[in-house]
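All remarks here apply to the structure that follows.
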Amino acid sequence: MVLLTDAAKGLPVSIATMAMLFVMAGPAPAQWLKLPLPGTPRTADGKPNLTAPAPRTLDAKPDLSGIWHADNGRYLENLAGDGVEVPMLPWAAAVYKERFDSLGRDKPQVRCMPHGVPDAMLVAGIPFKIAQMPNVLMVLYEEFNQYRQIFTDGRTLPHDPNPAWFGYSIGKWEGSTFVVETAGFNDGTWLDNGGHPHTDALHVTERFRRPNFGTMELDVAIDDPKAYPKPWKSATVHFKLLPDTELIEHLCENEKDAAHLVGK
């Protein structure tokens, strides 16, 4: 896959992502692109110490807060991992093949619609921010200025949800691992940029770990009996912290690129 670079942050950006980046609003100099953030451990020369121990909350749980990005784009193209073929029901396999053959030109984000779960965190070059609070963990996506709430106040998943792009999420701690259950999706998103489909029966289990200050890991389990004959798991996704910076406003407005994309 050909990669370009996000000049503002020096991140890799896939060609598929570039169509959306043309609609970013606001000049880069107006953003907080570089500032020393309090609470960041530092080396003797003042640089962020990304190998320092992971921060902890008052109740001694790992604090996942920070601005993160996937360490490369391989998870975006195939959530299951390079060369791994996911068994699918016949209709899902046909949809996946059609999306592959058309180079993904009909992906939702080309029409300014959300990536979804977990796809929104896998976009090469587009960061997201986690803000961890006592009863909720917020995920703020730089792309399209979207957000997701993961509730940790003891509630259960809704029994009759109104289908949503990001679903409904609840989280709990199992030791040092943050476990998130999400359901109640509509069927408008893709699981990854490669085009693995899902239905409204999708149930996603995410397991987050922060082994040190600058690294976060994620394992995803997919359970959708309407699309896949059995549950399947992702490759372990590795995220890197972006220290001493902030998100940039990113809007999808007056989109005119879809007509020029290649593919059937």
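Quick rundown of the values:
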read-out	value
Odd one out for G175 among (1) at pLDDT 95 or above; (2) closer than 28 Å to P90 by Cβ	(2)
Any chance L157 is surrounded by 22 or more Cβ atoms within 10 Å (Cβ to Cβ) and among the hydrophobic types (A, V, I, L, M, F, W, C)	no
Which listed residue, of D187, D192, D160, is among the acidic types (D, E) and in contact with a helix residue (DSSP H, G or I) (Cβ under 9 Å, 6 or more places away or on another chain)	D192
Residue among G26, G46, G39, G83 that is over 20 Å from the mean Cα position of the chain (by Cα), at pLDDT below 50 and of a type in the set (G, A, S)	G26
Extreme residue, farthest from N193 (Cα to Cα), among residues of region 41-90 that are free of Cβ contacts under 8 Å to residues at least 24 places away in the same chain and assigned to a strand (DSSP E or B)	R42
Residue that is surrounded by the fewest Cβ atoms within 10 Å (Cβ to Cβ) [pool: residues in region 81-105 that are of a type in the set (G, A, S) and within 19 Å of A120 (Cα to Cα)]	G81
Subset of region 170-207 (residues that are touching a residue at least 40 places away in the same chain (Cβ under 8 Å) and hydroxyl-bearing (S, T, Y))	S176, T182, T189
Flag if D200 is buried (at least 19 other Cβ atoms within 10 Å of the Cβ) and either touching a His at 6+ places or on another chain (Cβ under 6 Å) or not hydrophobic (A, V, I, L, M, F, W, C) (or both)	no
Residues of region 91-114 satisfying the condition of being outside any helix (DSSP H, G or I) and among the hydrophobic types (A, V, I, L, M, F, W, C)	L103, C112, M113
Restricting region 106-129 to residues that are of a type in the set (K, R) and either in contact with a Ser or Thr (Cβ under 7 Å, 6 or more places away or on another chain) or over 22 Å from H238 (Cα atoms) (or both), the residue that is surrounded by the fewest Cβ atoms within 10 Å (Cβ to Cβ)	R111
Of residues in region 49-80 being hydroxyl-bearing (S, T, Y) and modelled with pLDDT of 95 or more, the one surrounded by the most Cβ atoms within 10 Å (Cβ to Cβ)	S65
Qualifying positions in region 131-161 - closer than 25 Å to R56 by Cβ and assigned to a strand (DSSP E or B)	A131, Q132, V136, L137, M138, V139, L140, Y147, R148, Q149, I150, F151
Inter-residue pairs, beta-carbon under 7 Å, first under 10 Å from G188 (Cα atoms) and in region 107-122, second among the hydroxyl-bearing types (S, T, Y) and modelled with pLDDT of 90 or more, 6+ apart	P108/T189; P114/T189; H115/T189; G116/T189
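Conditions tested, residue by residue: (1) at pLDDT 95 or above; (2) hydroxyl-bearing (S, T, Y); (3) under 20 Å from P161 (Cβ atoms).
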| residue | (1), (2), (3) |
| --- | --- |
| D192 | no, no, no |
| I222 | yes, no, yes |
| P225 | yes, no, yes |
| K230 | yes, no, no |
| T236 | yes, yes, no |
| T245 | no, yes, no |
| L251 | no, no, no |
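The values are calculated or read from the model by the stated rules, or taken from the named source; none is laboratory data. Computed from a prediction, not measured in an experiment: that's the story for all the values here. Cβ sites come from the backbone with ideal geometry, for glycine too, and all protein chains shown count toward neighbours.
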